[in-house]
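Asker: Sending over a structure as structure tokens; questions will come in a sec.
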Amino acid sequence: MIQKKGIKMLTLAAAFLIFSACSNKKAAELSRIVDRQEKQSFNMLLGEKGLESQKLNHLIARHYDRALAVIDQQETEFNRIIRTIENVNTKGISNGKEVQQTSVNYYTALKNLYLFSRQEIQQEKLSRSMNNAEADAAQRKLADLYREKQQLYQKVYQSEDEFYRTLKIFQEENRLK
């Protein structure tokens, strides 16, 4: 009788270890994917030769159409980052779904913020190429856009805070880092 209980306990312990090992591998893979996407977005937005730097160089040179084309590239890159995270299978990963969702929310907020410059560039372009009345209207619209942009920054700050809090919990629960 005691031997049967011992065998059952060992079997349960082995099953738990196997499940735990698989779960930790999946959690580690999710962590690697999130980390990789974070590096991609960092390089795009803050890298010396990243897309944001290219866009700013075009704006300084007043090449508005080229700057708008770079924004299209940024949109493509953000969509790829978001899609990569959305496609991760989080089943069986402790707090995996939460990390996935807060990651998507964070990168969507960043995307909305950085793509917002499309409107600003279009107004800047109008203010430089039209008559005085149209240029004045474009300048007033730019002021309104700056107020809207501040709200987008607030959304980024909130989603970033939530993402990193969730990521910390995820790493602790899955014994990563």
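The values are calculated or read from the model by the stated rules, or taken from the named source; none is laboratory data. All figures in this text were calculated on a predicted structure; none of them were measured in a lab. Here the Cβ positions follow ideal geometry from the backbone for every residue, glycine too, while neighbour counts run over all protein chains shown. Heavy atoms of the whole protein, side chains included, go into the accessibility calculation; ligands, DNA and RNA do not. Shrake-Rupley method; radii C 1.70, N 1.55, O 1.52, S 1.80 Å.
Asker: Pairs under 6 Å by beta carbon, first residue in a helix (DSSP H, G or I) in the range 133-152, partner open to solvent by 40 Å² or more (accessible area, probe 1.4 Å), six or more apart or different chains?
Answerer: ALA138/LEU126; LEU145/GLN119; LEU152/ASN112
Asker: Limited to the range 37-82, what total is found for residues that are modelled with pLDDT of 95 or more, surrounded by fewer than 17 Cβ atoms within 10 Å (Cβ to Cβ) and touching a Ser or Thr at 6+ places or on another chain (Cβ under 8 Å)?
Answerer: 0
Asker: Further question: What are the residues in the range 91-105 that are surrounded by 17 or more Cβ atoms within 10 Å (Cβ to Cβ) and part of a loop (DSSP other than H, G, I, E, B), if any?
Answerer: ILE93, SER94, ASN95
Asker: Test ILE85 against the stated conditions and say whether it is out of contact with any strand residue (DSSP E or B) (no Cβ under 7 Å at 6 or more places or on another chain), modelled with pLDDT under 95 and not charged (D, E, K, R).
Answerer: No.
Asker: Only one residue in ASN112, ASN132 is over 29 Å from the mean Cα position of the chain (by Cα) and either surrounded by fewer than 19 Cβ atoms within 10 Å (Cβ to Cβ) or small (Gly, Ala, Ser) (or both), so which one is that?
Answerer: The conditions single out ASN132.
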